[in-house]
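Notes for the one structure printed next.
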Amino acid sequence: MGVEQQSDTNAAIWKSDEIVATWAAQAAERERSHGAQWRFMAELLPFGAEAEVTFLDLGAGTGAASRAILERHPRSSAVLADFSPEMMGAGEAELRPFAGRYRYVEFDLLAGAWPTAIPAAVDAVVTSLCVHHLPDERKRSLFGEIAARLRPGGWYLNYDPVRAEDPVVAAAWSRVTDQENPDAVRRRLHPTADEQARWENHVRYISPLDVQLEYLRSAGFGGVEVWWKRLDYAIFGGYRPTPP
Ligand SMILES: C[S@@+](CC[C@H](N)C(=O)[O-])C[C@H]1O[C@@H](n2cnc3c(N)ncnc32)[C@H](O)[C@@H]1O
């Protein structure tokens, strides 16, 4: 086992008993910070009003992005994949209003082989606040696997934190975040042991936006675009080109 894997606390954190309580306690803060972006992703997806489409949400957690899409596109269905039984269990309660239009699949994104329960072709793929938990090499290969699962013309949208390559830019991002969210300052200066562990897990593999845009292009995506960006968060993606 390499040093990186030994210090990778990701699975232990997301598959812990404590995570569900922590996650629930921060629901209002998450909605304030990310709700508009989830709704924007839903709006971006080029689904017709009556289209019966299936989309895949990888690292779906309790289904925040999926819920926004299911709400906006009433004839869509979701396949939500995650490796944490704890997060999926909590998601079942949140997704109750969409019963019959979604299902969960257990999938560890670090494993290359996709479960057979994930359809061979989907109309869109989304990821929200998850890809930054994967090492860069896996981000790159995953983007290729996502491209291969999409129907021609299908879109992939990724909402995720990105890393500033310039320290002055990074300092400006932190300064504004601290001004806007006093609890972020408290968590940074006086974290509990759990908060410190989650923070280290959060930042471990965050990579620059340009690097990830290049991964998307080399995976064969067309129309690689940054649809939204503010400080260290961005929505970006591309579509699978239709063969000539
Ligand atoms: C920050 S949460 C985001 C959840 C949800 N997408 C959202 O936006 O609210 C990260 C999610 O990624 C999942 N995750 C992290 N690493 C994973 C992996 N290797 N395979 C599958 N899921 C993973 C976690 O279990 C968790 O549900």
Contour minus end-to-end for SER141 and TRP199, with contour as 0.36 nm per residue of separation and end-to-end as the Cα-Cα distance? 18.4 nm
Low-density loop positions, GluC sites (Glu not before Pro), the stretch 69-127 - DSSP coil, at most 13 other Cβ in 10 Å: none
Can you give the FRET efficiency for LYS15 and GLU52, using 1/(1 + (r/R0)^6), R0 = 41 Å, r = Cβ-Cβ distance, to the nearest 0.05? 0.75
What FRET efficiency comes out for ARG188 versus ASP108 if R0 is 30 angstrom and r is the Cβ-Cβ distance? Round to the nearest 0.05. 0.50
Roughly how big is the stretch 142-244's charge dipole about its Cα centre, with Cβ charges of +1 (Lys, Arg) and -1 (Asp, Glu), in debye to the nearest 20? 280 debye
Mind ranking 217-225, 96-104 by how tightly packed they are, going by the mean number of other C-beta atoms within 10 angstrom, highest first? 217-225, 96-104
Positive end of the charge dipole of the stretch 146-190 (Lys, Arg +1 and Asp, Glu -1 on Cβ, about the Cα centre): tell me which of VAL185, ILE146, ALA170 has its Cα farthest that way. ILE146
I'd like to compare 190-198, 38-46: which one has the highest average count of other Cβ atoms within 10 Å, and what's the full order after that? 38-46, 190-198
Sorted from fewest to most neighbouring beta carbons within 10 Å, what does the list TYR239, TYR159 look like? TYR239, TYR159
Could you check the simple spin-label distance between ILE118 and GLU94, using points 7 Å along Cα→Cβ, in nm with one decimal? 1.9 nm
Plugging the Cβ-Cβ distance of VAL226 and ASN181 into 1/(1 + (r/R0)^6) at R0 = 25 Å yields, to the nearest 0.05, a FRET efficiency of 0.60
Over the stretch 106-154, what is the relative contact order in percent, taking alpha-carbon pairs closer than 8 angstrom and at least six residues apart? 50 percent
A correct fewest-to-most ranking of LYS139, LYS229 by other Cβ atoms within 10 Å would be LYS229, LYS139
Net charge near ARG186 (other residues with Cβ under 13 Å of its Cβ; Lys, Arg +1; Asp, Glu -1) is -2
Counting alpha carbon pairs within less than 8 Å and at least 6 residues apart, what relative contact order, in whole percent, applies to the chain? 18 percent
Local electrostatic count at ALA99 - Lys and Arg +1, Asp and Glu -1, tallied over other residues with Cβ under 13 Å: +2
Candidates PRO167, PRO119, PRO85; GNM for the chain (alpha-carbon contacts under 10 Å) flags as most fluctuating PRO167
What is the extension gain from ARG75 to ALA170, computed as 0.36 nm multiplied by their sequence separation minus the C-alpha to C-alpha distance, in nm to one decimal? 30.1 nm
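Values in this text are rule-based calculations from the coordinates and carry no lab data. Since the model is a prediction, treat every value here as computed from it, not as a measurement. Every residue, glycine as well, gets a Cβ built from its backbone with ideal geometry; the counts of neighbours run over all protein chains shown.
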